[in-house]
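The values are calculated or read from the model by the stated rules, or taken from the named source; none is laboratory data. Keep in mind the model is a prediction, meaning the values are calculated, not measured. Here the Cβ positions follow ideal geometry from the backbone for every residue, glycine too, while neighbour counts run over all protein chains shown.
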Amino acid sequence: MTPTPAIGWTELTPALTSKASRDAFVALARALAKVPRDEDIEDSMDDLRTTFAQTTRTSRRADRQALLAAGLVLADLGVQGWRLRVRMDCVQVQPPAPVVDDRAGEKARLRRQELVKRDGQLKQAAVQKFLRSVERPRLFDGRFVSIFSLMRDGRALAEGLRRARAHANNGWAGVLAEVTDPYLEFVTEDATCQFTGLRLMDVWRYFRHTWSNQYTSVPGRTMMFLVRDRAAPLHPVVGIGALSSPVMQIRERDTWIGWHPDTFLARVRAEPSRDLAAWLVGVVDAAVDEVYVADLLEDGLLSARDLSEPTDGVIERLLEESVAQRKLHHRYVRSRDHKGKRVGASSAEHWVAKARTHLFRSKRALALASYLRARAVLKAAFGRRPSAERLAELASTGVGSDVIRKVLKKAKGDRVGIAVADIAVCGAVQPYNAILGGKLVAMLAASPEVVREYRRRYSDAESEIASSMAGRPIVRAPTLVLLGTTSLYGVGSSQYNRIKVPCGRLGGRDPDVVRYLELGHSESFGTSQYSDATVEALADLVHQSEGGQRVNSIFGEGVSPKLRKVRQALDLLGLPSGFLLRHHRPRVVYAVSLVRNLNTFLLGLDAKPQYLIPLDSPDVTAQIAAWWRERWLHNRIASDDVLEEVSRHTLVHPIRHGARVGRPQAREQRELFAEPY
């Protein structure tokens, strides 16, 4: 294994006022640097972390929280495989270098990092209690059942696959369909399994805990689903999936779509058209009309004429109002005031009240200033007749380019939450994982049945941000046309590789295909390398600081509140936030287009999507399953090694099944059951 050239050592000197605190930080670094890099590293680091946290209680009050936060950051870096050293009483760190010529080695390195937080979660008392509750047998419909009832016995599955293999030259497709016949089941809050009585939410959550990374909920919309197999008793779970609200900014995805500002501006300059010019005006007009202005008119900040004929003066007043209202928000905000609808309030009353809060008055003033400036520039450029020639002239200027970028950002914001979703979870559980069940789950995640369910579930949902800005309910029709996801590991994903669903056999056109396209690697920024305790300590540091801006995790304050809290705390500590927020685990970015007119629909130039597979195609899930059996399963079961792997996952007690959540052993347990000398 040859690692890439290592990133150089970086000095960490937290802003601590007393020499005793600085010495304590250096002493912790020395202790962490001496911990052997073996399987007990997490326990050893935890011991040092606990001891250090206790010693900070006796430190000077002014340094106490800063020392705790800085020390926990250092300990987390050690657990994640960063190298630590002390030179001349200066603490230095170096991130782990990826292994470039050994995919298995690199996967193992990244998996070890992910397992740290996953195993920490599994050790939590609440999680242990949950796992025991669903694994415990209970009487339902005349039989004793548990979560194990929803795992397929590998021996029976392997035997069925061997029978199907014996028909390889005659009628294998029908036999395979009798062995495994997958279907989709969507998870809702109150839905239960018809065979076990378990909540579907609990079934989904249990199997999610078998992943090698920590299970966390994501903000915004989340639609979970199970893939089950009606060919076996009690319809065992093949795999799980979930769609979630998309990440707003992904350079690789946005460049491919045409949403990236530089990409879009290059298109406008190369191919200016009257339609694009009219589109710019239309987006701005709709944006202005969708901002609540009653209170701004009442308070004399602007007039009706200012909306149609904006001046520099009104734009400046709106910008000043935005700053003033943001300060008031941070001074008086209470998170509970931004949670849910007031009892007894109508939808209209609720959104007017929300619009008039300091937070959204600030956001409205800022947005309106931007839209009115764009309107003024477009009017000066186009007059009453937008044209390709005038658009070309506009795009050649700095002011015009800036306006085009801002209009694109607004158009993207209107579409991204309703037309794009991320595949947050996607994969099979054993024994189906051994027979490429993950590819089946990935194909079904992009199926018309999922698109229809997403539309049904969110068709009446009032947009939180748009409604708060408009002071009235805004419902945007959910029309999924694009799915995005990332690999768990930066070396790629065998699950998504080479997936192509032929549309012709599903009611679409030949040679159209629905495929997972690899777009590049994401930047490896985030907070996943830090424990919950560390993030909490950093957030407390921000709240206790005199000049620190409060981040309240209120919907509407901004994206990624955890990331903003951690960044601000690291800056307060005088630590290099940009460097320490890079977790050095880049992932491959994938996209799945469900339509032919992706770019023009997502920009709003086309009113209707042109789906590659018609949403009304009959038996589409069964047809996708049939394609999976033909394309992947049929070839997979030719291997005796694969069938042997399938048969290893048995439900004979003691249960040794890959779909069972493993329990991370405490150090004492490992020592107790260690091999004797």
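Of all the residues that make up the stretch 210-267, how many are surrounded by fewer than 22 Cβ atoms within 10 Å (Cβ to Cβ), among the hydrophobic types (A, V, I, L, M, F, W, C), within 13 Å of the chain's Cα centre (by Cα) and not in a strand (DSSP E or B)?
3
When you check Gly471 against the structure, is it at positive phi, small (Gly, Ala, Ser), surrounded by 17 or more Cβ atoms within 10 Å (Cβ to Cβ) and out of contact with any Cys (no Cβ under 7 Å at 6 or more places or on another chain), yes or no?
yes
Return the total of residues in the stretch 270-296 being surrounded by fewer than 18 Cβ atoms within 10 Å (Cβ to Cβ) and in contact with a Ser or Thr (Cβ under 7 Å, 6 or more places away or on another chain).
Total satisfying the criteria: 1.
Take the stretch 360-400 and flag every residue that is over 20 Å from Val288 (Cα atoms), of a type outside the set (A, V, I, L, M, F, W, C) and surrounded by 15 or more Cβ atoms within 10 Å (Cβ to Cβ). Break it down into steps so the answer makes sense when it comes.
Let us first name the residues in the stretch 360-400 that are over 20 Å from Val288 (Cα atoms), namely 387-398.
Subset that is of a type outside the set (A, V, I, L, M, F, W, C): 387, 389-390, 393, 396-398.
Across the stretch 360-400, the qualifying residues are Ser387, Arg390.
Of the residues that make up the stretch 90-109, is at least one outside any helix (DSSP H, G or I), more than 34 Å from the chain's Cα centre (by Cα) and modelled with pLDDT of 85 or more?
At the first step, the residues of the stretch 90-109 found to be outside any helix (DSSP H, G or I) are 90-102.
This time we only want the ones that are more than 34 Å from the chain's Cα centre (by Cα), so: 90.
From what is left, the residues that are modelled with pLDDT of 85 or more are 90.
Within the stretch 90-109, one or more residues are outside any helix (DSSP H, G or I), more than 34 Å from the chain's Cα centre (by Cα) and modelled with pLDDT of 85 or more.
Out of the residues in the stretch 474-500 meeting the condition of being β-branched (Val, Ile, Thr) and within 30 Å of Arg585 (Cα to Cα), tell me which one is surrounded by the most Cβ atoms within 10 Å (Cβ to Cβ). Give the derivation first.
Looking only at the stretch 474-500, we keep the residues that are β-branched (Val, Ile, Thr), and these are 474-475, 479, 481, 485-486, 491, 499.
This time we only want the ones that are within 30 Å of Arg585 (Cα to Cα), so: 481, 485-486, 491, 499.
Numbers: Val481: 23, Thr485: 25, Thr486: 23, Val491: 20, Ile499: 23.
By that ranking, first place goes to Thr485.
Looking only at the stretch 268-294, count how many residues are part of a loop (DSSP other than H, G, I, E, B) and either within 30 Å of Arg356 (Cα to Cα) or within 30 Å of the chain's Cα centre (by Cα) (or both).
The initial filter retains those residues of the stretch 268-294 that are part of a loop (DSSP other than H, G, I, E, B), namely 271-273, 290-293.
From what is left, the residues that are either within 30 Å of Arg356 (Cα to Cα) or within 30 Å of the chain's Cα centre (by Cα) (or both) are 290-293.
Adding up the residues that qualify gives 4.
Would you confirm, using the coordinates I've provided, whether Val441 is in contact with a Cys (Cβ under 8 Å, 6 or more places away or on another chain), surrounded by 23 or more Cβ atoms within 10 Å (Cβ to Cβ) and either among the hydroxyl-bearing types (Ser, Thr, Tyr) or farther than 19 Å from Leu602 by Cβ (or both)? Explain how you work it out, then say what you get.
Details: in contact with a Cys (Cβ under 8 Å, 6 or more places away or on another chain): yes; surrounded by 23 or more Cβ atoms within 10 Å (Cβ to Cβ): yes; either among the hydroxyl-bearing types (Ser, Thr, Tyr) or farther than 19 Å from Leu602 by Cβ (or both): yes.
Considered against the rule, which asks whether it is in contact with a Cys (Cβ under 8 Å, 6 or more places away or on another chain), surrounded by 23 or more Cβ atoms within 10 Å (Cβ to Cβ) and either among the hydroxyl-bearing types (Ser, Thr, Tyr) or farther than 19 Å from Leu602 by Cβ (or both), Val441 comes out as yes.
For Gln430, all conditions in the list (1) under 30 Å from Val588 (Cβ atoms); (2) part of a helix (DSSP H, G or I) hold save one; what is the number of the exception?
Only one criterion is unmet by Gln430, namely (2).
Which is modelled with pLDDT of 75 or more, assigned to a helix (DSSP H, G or I) and more than 32 Å from the chain's Cα centre (by Cα), of Ala20, Ala53, Ala62, Ala15? Break it down stepwise before answering.
Details: Ala53 fails: more than 32 Å from the chain's Cα centre (by Cα); Ala62 fails: modelled with pLDDT of 75 or more; Ala15 fails: assigned to a helix (DSSP H, G or I).
None of the other options fit; the residue is Ala20.
The conditions are (1) modelled with pLDDT of 95 or more; (2) under 34 Å from the mean Cα position of the chain (by Cα), and Arg326 fails exactly one of them. Which is it?
Going through the list (1) modelled with pLDDT of 95 or more; (2) under 34 Å from the mean Cα position of the chain (by Cα), Arg326 breaks only (1).
Within the stretch 157-171, identify whether any single residue is in contact with a Ser or Thr (Cβ under 7 Å, 6 or more places away or on another chain), outside any helix (DSSP H, G or I) and in contact (Cβ under 8 Å) with a residue 40 or more places away in the chain, and answer yes or no.
So in the stretch 157-171, the residues in contact with a Ser or Thr (Cβ under 7 Å, 6 or more places away or on another chain) come out as 158.
Those left that are additionally outside any helix (DSSP H, G or I): none.
No: the stretch 157-171 contains no residue that is in contact with a Ser or Thr (Cβ under 7 Å, 6 or more places away or on another chain), outside any helix (DSSP H, G or I) and in contact (Cβ under 8 Å) with a residue 40 or more places away in the chain.
Given (1) within 25 Å of Met223 (Cβ to Cβ); (2) at pLDDT below 95, identify the lone condition not met by Met443.
(2)
Can you tell me which of (1) more than 32 Å from the chain's Cα centre (by Cα); (2) among the hydrophobic types (A, V, I, L, M, F, W, C); (3) surrounded by 13 or more Cβ atoms within 10 Å (Cβ to Cβ) is the one Leu139 doesn't meet?
(3)
Taking the stretch 161-175 as the region of interest, how many residues are at pLDDT below 95 and buried (at least 20 other Cβ atoms within 10 Å of the Cβ)?
1
Kindly list the number of the only condition in (1) of a type outside the set (Gly, Ala, Ser); (2) assigned to a strand (DSSP E or B); (3) more than 19 Å from the chain's Cα centre (by Cα) that fails for Asp202.
Failed condition: (2).
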